[in-house]
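The values are calculated or read from the model by the stated rules, or taken from the named source; none is laboratory data. In this text, all values refer to a predicted model and were calculated from it rather than measured experimentally. Every residue, glycine as well, gets a Cβ built from its backbone with ideal geometry; the counts of neighbours run over all protein chains shown.
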Amino acid sequence: MLLDSDCILLDDRFRINFTSTDRPLSPLFARMAHIHEKIDFTVAIFVVHKGKVLLIHHRKLDRWLPLGGHIELDEDPEQAALREAREESGFEVELLGERPPTTEPGTRALIAPRFLDIHRITTTHEHVGMIYWARLRERQEEVKLSVAEHHDIRWCAAEELEQLRPAMSHAVKWYCRKAIQEISDFRLPMANGPRKRGVV
């Protein structure tokens, strides 16, 4: 049985068609680093600047997506989001959200993602997606295309989302519009910036 292609797809880049009875794992799936055979954790970063959201046209999947990827074993969700944004766009970004004042010895408070989802990748594997809003740190205008991974990278206003080809999924469009609206309206409390690596 093929997976439902209409469920929320913030990790479209990781989704593959798979049948438990007559098809082997895709080479793309086999190459991915996993925390566990049943579940992984990922980040998606919707970066907004001057009323536009940053999107990439993924080369292998032929889809328009936000920046994002897997959380590696040696990093926390904040570090993963900042790293993926840097690797995929060249930008240093600031995650937007609330960090509670609860950091103390042995405990470190993290910026809360704006949304969470869970979606099936194969019949036996799922991803928990942490969905962040972000903005550029300081003044950075020149976006960098990761040619090996992406056909294109561009800033899109809300009214331009329907014009993208191939068409974007309903879920990704909803998050794009929500991020543009909320960041433009300054509705979210801002965190105190990312922590330094290794600080607890």
Scan of the range 177-200 for residues that are surrounded by 10 or more Cβ atoms within 10 Å (Cβ to Cβ), at pLDDT below 60 and small (Gly, Ala, Ser), ordered by number: 191, 193
Some residue of the range 110-118 being closer than 26 Å to residue 167 by Cα and modelled with pLDDT under 95: yes
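Name the residue that is nearest to residue 143 (Cα to Cα), counting only residues in the range 42-56 that are surrounded by 20 or more Cβ atoms within 10 Å (Cβ to Cβ) and out of contact with any Pro (no Cβ under 7 Å at 6 or more places or on another chain).
Applying the first criterion (surrounded by 20 or more Cβ atoms within 10 Å (Cβ to Cβ)) to the range 42-56 yields 42-48, 53-56.
Add one more test, that the residue is out of contact with any Pro (no Cβ under 7 Å at 6 or more places or on another chain), and what stays is 42, 47-48, 53-54, 56.
Numbers: 42: 23, 47: 12, 48: 13, 53: 12, 54: 9, 56: 11 Å.
Looking at residues that are surrounded by 20 or more Cβ atoms within 10 Å (Cβ to Cβ) and out of contact with any Pro (no Cβ under 7 Å at 6 or more places or on another chain), I get 54.
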Flag if residue 43 is modelled with pLDDT of 90 or more, closer than 19 Å to residue 133 by Cα and touching a Gly at 6+ places or on another chain (Cβ under 7 Å): yes
Identity of the residue in the range 119-135, modelled with pLDDT of 95 or more and of a type in the set (A, V, I, L, M), that ends up farthest from residue 172 (Cα to Cα): 134
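Hey, could you check the range 46-64 for residues that are over 12 Å from residue 156 (Cβ atoms) and not in a loop (DSSP other than H, G, I, E, B) and say which is modelled with the lowest pLDDT? Outline the logic, then answer.
Step one: filter the range 46-64 for residues over 12 Å from residue 156 (Cβ atoms), giving 58-63.
This time we only want the ones that are not in a loop (DSSP other than H, G, I, E, B), so: 58, 63.
Working: 58: 78, 63: 89.
Looking at the filtered set, the residue picked out is 58.
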Options 92, 88; residue that is of a type in the set (Asp, Glu) and surrounded by 19 or more Cβ atoms within 10 Å (Cβ to Cβ): 88
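Out of all the residues in the range 68-106, which are assigned to a strand (DSSP E or B) and within 12 Å of residue 46 (Cα to Cα)? Give the steps one after another, and end with the answer.
Here is the first cut: in the range 68-106, the residues assigned to a strand (DSSP E or B) are 68-70, 93-96, 104.
Passing the criteria: 68, 93, 94, 95, 96.
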